[in-house]
Amino acid sequence: MYPTNKIFLIGFMGSGKSTAGRKLAFQLNWSFFDLDEKIQKMAGMNIPDIFSVKGEPYFRKLESQALHDLQHETNAVISTGGGTPCFGDNMDFMISCGLTIYIRMTPVSLIERLEGSSEKRPLLIGIDSNGLPDYITSKLAEREKWYSKSEIVFDGVNNDILDLLSLIKKQIR
Ligand code: S3P
């Protein structure tokens, strides 16, 4: 692995990628980009509206474009959406131009975090608290295939994000 100047944070909805990204960027004195925020700016509407008005395929197109637009950024921490690595060539792209970090959470902690979240997530619309455990467990199992290609797999349940800092400091310039 060569030193990198871009970090991509990867993981399921609710795994704390944006919070972690902001903290890491602050500690490294790097820029921070939240892919969902970038997509909302590009579309001129919020994520739930993009899904309901334009549809998921349109969202995925914008998501991929927003990601590839970051290619020439340097000294940047980028938090991705939960589905970002699982569409098109997004995962290979991130591996090829940065350090990929999967913030891994157990289904139990994700269920707890998502149940307590006030954020509107289009993929969870219509799933009540009885259906949430099954949905999260199977979606996570499906997506692990992409997530686990990440260079670093970080246990997001038992560790503080600052523990990650010493791991990544060896791999950045
Ligand atoms: C999605 C996750 C969301 C957002 C969109 C789709 C997904 O981001 O990109 O609702 O497919 O898992 P977060 O992971 O930040 O919730």
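The values are calculated or read from the model by the stated rules, or taken from the named source; none is laboratory data. The model shown is predicted, which means the values in this text are computed figures rather than measured ones. Every residue, glycine as well, gets a Cβ built from its backbone with ideal geometry; the counts of neighbours run over all protein chains shown. Side chains are part of the model used for accessible areas, which takes the heavy atoms of the whole protein and leaves out ligands, DNA and RNA. Shrake-Rupley method; radii C 1.70, N 1.55, O 1.52, S 1.80 Å.
A compact table of results
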{"quantity": "Close pairs from region 71-84: first near the ligand (Cβ under 7 Å from one of its atoms), partner open to solvent by 10 Å² or more (accessible area, probe 1.4 Å) and assigned to a loop (DSSP other than H, G, I, E, B), Cβ under 6 Å, at least 6 apart", "calculated": "Gly82/Met13"}
{"quantity": "Qualifying position, being within 16 Å of the ligand (Cβ to nearest atom), over 16 Å from the mean Cα position of the chain (by Cα) and touching a residue at least 12 places away in the same chain (Cβ under 8 Å), among Ile172, Ile125, Ile103, Ile136", "calculated": "Ile125"}
{"quantity": "Filter result (surrounded by fewer than 19 Cβ atoms within 10 Å (Cβ to Cβ) and within 17 Å of Met105 (Cβ to Cβ)) within region 19-35", "calculated": "Thr19, Lys23"}
{"quantity": "Extreme residue, farthest from Ile103 (Cα to Cα), among residues of region 44-70 that are of a type in the set (D, E, K, R) and away from the ligand (no atom under 12 Å from the Cβ)", "calculated": "Lys54"}
{"quantity": "Test: residue in region 36-53 that is of a type in the set (Phe, Trp, Tyr) and open to solvent by less than 30 Å² (accessible area, probe 1.4 Å)", "calculated": "no"}
{"quantity": "Index of the failed condition, Ile78 passing every other in (1) of a type outside the set (Gly, Ala, Ser); (2) open to solvent by 10 Å² or more (accessible area, probe 1.4 Å); (3) touching a Gly at 6+ places or on another chain (Cβ under 8 Å)", "calculated": "(2)"}
